[in-house]
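The values are calculated or read from the model by the stated rules, or taken from the named source; none is laboratory data. Keep in mind the model is a prediction, meaning the values are calculated, not measured. Positions of Cβ are backbone-derived with ideal geometry, glycine not excepted, and every protein chain shown enters the neighbour counts. Accessible surface areas use protein heavy atoms only, side chains included; no ligands, DNA or RNA. Shrake-Rupley method; radii C 1.70, N 1.55, O 1.52, S 1.80 Å.
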Amino acid sequence: MPSKAPIVSVNPQTLAQAAALLHAGQLCAFPTETVYGLGADATREEAVQRIYQLKGRPSNNPLIVHVPDVSSARQLVSSWSPQAERLAQRFWPGPLSLVLPRGPKIPAIVSAGLPTVALRVPSHPVALALLQTVQRPLAAPSANRSESVSPTTAQHVQRSLPDVPLILDGGPCQLGIESTVVDLTTQPVRLLRPGALPLRVLLEELPDLVLPSFAIEPAHGALPSPGMMTRHYAPSVPLYLFDQDDPDWVATLPKPCGLITHRDLPSLRALCQHIELLPSSPEAYATDLYAALHRLDDKQVRCIVALRPNQDNDWRAVLDRLERAATR
Ligand code: TXA
Ligand code: MG
């Protein structure tokens, strides 16, 4: 029998247990408001190395560092601009990661050798309690095997990474999709990954924000963001995007077939054996998207079709995840 990572409920004892593991250079999975993270002491190279190994993550893909508050963030950068201060005051704790000049406390491995570091203060009470207990910045990517669907429950983590030493259970994540990543080291500043902080809200603070054209793949070197690595967030079976009610084409797909949609499409009901009807608001859709992909994986569908949402800013983060899940 393969080993199974222990899932524990959160109390002072399990927080102390998690902190002891992290102090010993080991890993621990914990909930955030976006997705579950796989944490390691960001100041220790060998601990961070374990994250890359366990996830099977390419070493050119940098990690996000989590801190409990703005003053801890300031200690990890070589310069903190008025713009960083303004964004941090407005959006932290919350689902925004800021890329800033990396200070000497963070080893290069965290950022895949880049001279920058991505920082965020998560708002989940368990993540904050863990950060307060450990008293170390935590490097934490999503707690899943590289390229697979991010976890929004402790059980998702256990299935994807059965060798994690400990999983703190904080229930399902409220936002369900990764943080928005913004690079403040270039002018004008750039959006690296659309995410849980709605673009509409971010644009109020950063009206000149440069939005990425979709899926730029750099020829070599560290990735500016895996938002730029084309395939990502993918379920274990092929996923196809479609633009409208298109039963002829869907009829040719292998069965059983799963459907993810935010509009009820009667003509597809008979052709798809497992239907995930998600909410029609982009934020609520995002909250349940990964969980729906995990549910369809559990039903052992042989393929998934997903209705492509609008190309407007409100749907940008969801569309980005769907396009990547559909890439192979
Ligand atoms: O919501 C989240 O951000 C979750 C939770 C656990 O906090 N974490 C997460 O981590 O999604 P990960 O490793 O799956 O994604 C990290 C993102 C990638 O897009 C990565 O390229 C970008 O952050 N990133 C990290 N450091 C960077 C840097 N120095 N420069 C540019 N992008 C960076
Ligand atoms: Mg990830």
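Give me the residue from the stretch 109-123 that is surrounded by fewer than 21 Cβ atoms within 10 Å (Cβ to Cβ) and more than 8 Å from ligand 1 (Cβ to nearest atom) and, out of that set, farthest from residue 72 (Cα to Cα).
My answer is 113.
Using beta carbons and a limit of 8 Å, which pairs, at least six apart or on different chains, have the first residue in the stretch 173-186 and more than 16 Å from ligand 2 (Cβ to nearest atom) and the second one acidic (Asp, Glu)?
From the stretch 173-186, the pairs are 174/33.
For the stretch 76-85, state whether one or more residues are in the same structural domain as residue 176 (by TED's automatic domain parsing), part of a loop (DSSP other than H, G, I, E, B) and of a type outside the set (Ser, Thr, Tyr).
yes
Would you mention how many residues in the stretch 7-33 are in contact (Cβ under 8 Å) with a residue 12 or more places away in the chain and outside any helix (DSSP H, G or I)?
Number of matching residues: 13.
For the stretch 124-155, enumerate the residues that are under 27 Å from residue 287 (Cβ atoms), more than 10 Å from ligand 1 (Cβ to nearest atom), part of a helix (DSSP H, G or I) and open to solvent by less than 10 Å² (accessible area, probe 1.4 Å).
130, 131, 154
From the set of residues in the stretch 249-264 that are farther than 16 Å from residue 293 by Cβ and either open to solvent by 10 Å² or more (accessible area, probe 1.4 Å) or in a strand (DSSP E or B) (or both), which is modelled with the lowest pLDDT?
The qualifying residue modelled with the lowest pLDDT is 249.
Mind listing whichever residues of the stretch 34-75 are open to solvent by less than 30 Å² (accessible area, probe 1.4 Å), within 15 Å of ligand 2 (Cβ to nearest atom) and assigned to a loop (DSSP other than H, G, I, E, B)?
Within the stretch 34-75, 34, 35, 36, 61, 62, 63 qualify.
For residue 172, all conditions in the list (1) modelled with pLDDT of 95 or more; (2) open to solvent by 20 Å² or more (accessible area, probe 1.4 Å); (3) in contact with a strand residue (DSSP E or B) (Cβ under 7 Å, 6 or more places away or on another chain) hold save one; what is the number of the exception?
Only one criterion is unmet by residue 172, namely (3).
Please enumerate the residues belonging to the stretch 268-302 that are surrounded by fewer than 19 Cβ atoms within 10 Å (Cβ to Cβ), farther than 17 Å from residue 150 by Cα and either out of contact with any His (no Cβ under 9 Å at 6 or more places or on another chain) or in contact (Cβ under 8 Å) with a residue 60 or more places away in the chain (or both).
The answer is 269, 270, 273, 274, 275, 300, 302.
Provide a single number: the residues in the stretch 175-202 that are under 24 Å from residue 117 (Cβ atoms), in contact with a helix residue (DSSP H, G or I) (Cβ under 8 Å, 6 or more places away or on another chain) and open to solvent by 40 Å² or more (accessible area, probe 1.4 Å).
Result for the stretch 175-202: 1.
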